[in-house]
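Undergrad: Can you keep this structure in mind? I'll have questions shortly.
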Amino acid sequence: MNLDPNYIANYANTFITKIIDYSPQVLSAIIILFVGLYAIRIINRVIRRIMVKRDLDPTLTKFLADILLWVLRVLLFVTFIDKLGIGTSSFVAILGAMGLAVGLSLQGSLSNFAGGMLIILFKPFKVGDTIEAQGILATVQEIQIFVTKLITSNNQTIFVPNGALSNGTIINYSMQGSRRADLTFSISYGTDLKKAKEIITTVLANNPKVLTSPAAEVSVKNLTDNAIQLAVRPWAKNEDFGTVVSDTLENCKLAFDAEKITFQPYITEFSKDNKQ
């Protein structure tokens with residue numbers, strides 16, 4: 001096949017002309033891309049500093065900064081392809097369809113994402129708080145977007161989905177700063193009730209970790225068929241709660257032993273039908 005030299009020359013001239021005509025558009029698009037990436041980096045740093053200065057939650061600060069970063073990047077990419085002369089309407093439609101498909105396939109993850117947003121915004125707990133939720137008693141180590149990382153007292157790491165966490169009941173033991181122990185002592189009817197209460201009151205008063213305000217309470221809780229039940233309710237700081245509970249139990253037992261007072265053992269009542 002013979003090629004016409006004039007045809008090749010015309011084609012080459014047309015190609016070069018198109019490149020020359022299109023090169024300013026490509027050059028400006030590339031400049032916009034690099035300048036935009038640099039500007040986004042600067043904006044992101046400024047926004048982070050502003051949020052840090054306003055003492056926003058670190059988790060919220062990181063999350064908002066990351067969202068802003070990706071939104072600006074998407075806008076920059078759309079501007080870049082528009083500057084190249086590529087139609088953006090079909091591209092936006094494709095992005096919308098992809099977003100819908102991804103959203104339908106990740107409903108559980110989106111629920112956890114929404115739960116994370118609720119936790120970050122309304123702050124039912126923060127990092128370092130001791131909480132009880134989903135049948136778990138542990139300390140919050142990290143609040144992530146999809147899960148919350150908890151550390152139990154025996155050093156186990158538990159990840160709880162934020163969706164379930166935000167929709168369930170949360171008991172925050174750290175929010176108020178102090179906590180009351182609810183203990184029950186059972187003594188026999190032959191025990192001097194006033195003396196027993198005085199012994200417990202003295203034990204609590206001698207413990208420096210028991211708070212004086214609110215005052216500890218020692219009162220009769222119940223009268224059963226076998227024993228008098230005393231409610232012992234000392235208050236303690238959150239960090240001293242476990243120590244106060246164990247010290248109260250131990251020191252009351254030792255003080256009762258010294259006064260020849262015994263705890264009434266727990267007796268299970270059986271009906272006649274259960275007797276062998």
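Derivation of every value follows stated rules applied to the coordinates shown; laboratory data play no part. No experiment lies behind these values; they were computed from the predicted model shown. Heads up, the Cβs are rebuilt from the backbone with ideal geometry, glycines too, and the neighbour counts pull from every protein chain shown.
Undergrad: As a quick test, which of the pairs Lys123/Lys237; Lys149/Lys221; Lys149/Lys253; Lys53/Lys149 have an alpha carbon distance above 31 angstrom in this structure? Walk me through the numbers on the way to the answer.
TA: Numbers: Lys123/Lys237 21 Å; Lys149/Lys221 39 Å; Lys149/Lys253 38 Å; Lys53/Lys149 26 Å.
Over 31 Å apart, Cα to Cα: Lys149/Lys221; Lys149/Lys253.
Undergrad: Along the Cα-to-Cβ line of Val220, 7 Å from the Cα, sits a label point; which residues in the range 171-210 have backbone N less than 20 Å from it?
TA: Counting only backbone N, you get 183-202.
Undergrad: Is the C-alpha gyration tensor of the range 124-172 telling us rounded, prolate or oblate? Criteria: a/c under 1.5 is rounded; beyond that, a/b larger than b/c is prolate, otherwise oblate.
TA: Values: a/c = 1.44, a/b = 1.24, b/c = 1.16.
Because its axes are fairly even, with a/c under 1.5, the range 124-172 counts as rounded.
Undergrad: Shifting gears a bit: Multiplying the sequence separation of Glu132 and Asp182 by 0.36 nm and subtracting their Cα-Cα distance, what value in nm do you get? Mind showing how you got there, number by number?
TA: Details: separation 50, 0.36 × 50 = 18.00 nm, distance 1.68 nm.
Going from the current span to full extension adds 16.3 nm.
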